[in-house]
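First comes the structure, then the notes that go with it.
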Amino acid sequence: MINIAICDDELQELNRSNSLLKQYIYEHPQVQINTYSFSAPLEFLAYVEANNKFDVLLLDVYMPGILGTDMARELRDMGDNCQIIFLTTSRDHAVDAFSLNAAHYLVKPYSEKEFFTALNKVLDNLAKKEDYITVKSTEGISRIELNELVYSETDNHFQRLNLSDGRTIYVRKSSTEIFELLDKYPRFYKCGSTYIINMDYIIELTSKWIFFSTGAKITMLSRKYTEFKKLYMDYSCNC
C-alpha cells in the first residue's frame, strides 16, 4: 500500500489535486493507494511526527507561515526521504526544491497529463527502492540500496561507493566486477575504467563534468561524451 499526502492551503487547489489523484487511482486499479489531505503545514508536520511517514507528498510551495521548501527541509532533517512533488505558481524555488531531492516540480495550472507523469515517476522511484546489491566491504557485509548509490569510483584496488546520504563504502573489487552486479539496471552507466554512474542523480552534463543532485561532480571523459550524452538523453526521455 502506498500512502500519498497532499498539503495545500488553498481549498480549490487541494480539491483539484484530490480529484486528479482519484482519477489516477481509477485508471490504475493495480496500484494500491491511500490518500490524505492537509490544508495547514503545521497540521501535516504534527501528523508525521505522531504517525508513520508518507511515501509520497504533494506539497504546495506558498503557504502561510512557512514555505513548502522549508517544510520539506524539516522533513529531510527528520530523516524523511519521501518522494516530494512540489506544486506552485512560480518557478522561483525550483533550484531549492531539487536541492532537497524533490522528485518533481509542477507549475500551476498543470494539466492532468503532467500530474499523471509526475505520479508515474515517483511510483517508479518507489519501485526502484526494492532493488539492492549485497557486497563484502571493509566494514563487513553491506546491503546497498541502488536508489541510494550515486556513483562508484576506482580507488587503487578498491571501489569507492558514494551514497546519497554522504556515506562511502569501500569494496575490494574491480570496476568491471561491480558493473556486472549493476549492468541489468538501465540507470547505471560505466564511464571508462574509473566510474559507474547512476543517471537518476545527474542534474547537469557537460563535455568536461558530470554534476549530481547531491552536490558532487566528476570529470567527464571527452572520448565518451558524445556516446554518453545520447544514452543519457534516451534514458531520461523514457523515464
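What follows is calculated from the coordinates using simple rules that are stated; it is not laboratory data. No experiment lies behind these values; they were computed from the predicted model shown. FYI the Cβ positions are ideal-geometry reconstructions off the backbone, even for glycines, and counts take in every protein chain you see.
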Cα-based Rg / Dmax (Å) for the chain: 19.3, 59
Quick one: Cα centre-to-centre distance for the range 184-203 and the range 86-139, in angstrom? 18
Which lysines have a Cα lying under 20 Å from the Cα of LYS22, excluding residues fewer than 8 positions away in the same chain? LYS108, LYS113, LYS121
What residue among SER193, SER174, SER37 has the largest mean-square fluctuation in a Gaussian network model of the chain, using Cα springs under 10 Å? SER193
Which percent, to the nearest 5, of DSSP beta bridges fully inside the chain are antiparallel? 65
Nearest 10 degrees, 0 to 90: what angle lies between the long axis of helix 41-50 and the longest principal axis of the chain (Cα atoms)? 60
Between Rg and the Kirkwood Rh of the range 2-128, both from Cα atoms, what is the Rg to Rh ratio? 0.92
Say the dipole of the chain comes from +1 at the beta carbon of Lys and Arg and -1 at that of Asp and Glu; which of SER17, PHE98, SER137 then lies farthest toward its positive end? SER137
Pairing the Cα long axis of helix 225-238 with the longest principal axis of the chain, what angle in degrees results, from 0 to 90 and rounded to the nearest 10? 30
Between PHE98 and TYR26, with labels modelled 7 Å along Cα→Cβ, what's the label distance in nm to one decimal, could you check? 3.4
Over the residues of the range 132-238, compute the C-alpha Rg and express it relative to 2.2 N^0.38 Å. 1.02
Under the Karplus relation 6.51 cos²θ - 1.76 cosθ + 1.60, θ = phi - 60°, what is the ordered set of whole-Hz ³J(HN,Hα) values for the range 173-185, x standing for Gly and Pro? 9, 7, 4, 5, 5, 5, 5, 4, 7, 10, 4, 6, 9
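Of the beta bridges DSSP finds with both residues in the range 2-128, what % are antiparallel, to the nearest 5?
Details: 2 of 21 bridges.
The antiparallel fraction comes to roughly 10 percent.
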Return the calculated 222 nm mean residue ellipticity for the chain, to the nearest 500 deg cm²/dmol, obtained by summing -39500 (n - 2.57) across DSSP H runs with n ≥ 4 and dividing by the residue count. -10500 deg cm²/dmol
Counting just the Cα atoms, what span does the range 50-184 cover along each of its three principal axes? Round to the nearest Å and put the largest first. 53, 30, 30
Sum up the charges of everything whose Cβ sits under 14 Å from the Cβ of PHE158, counting Lys and Arg as +1 and Asp and Glu as -1, but leave PHE158 out. 0
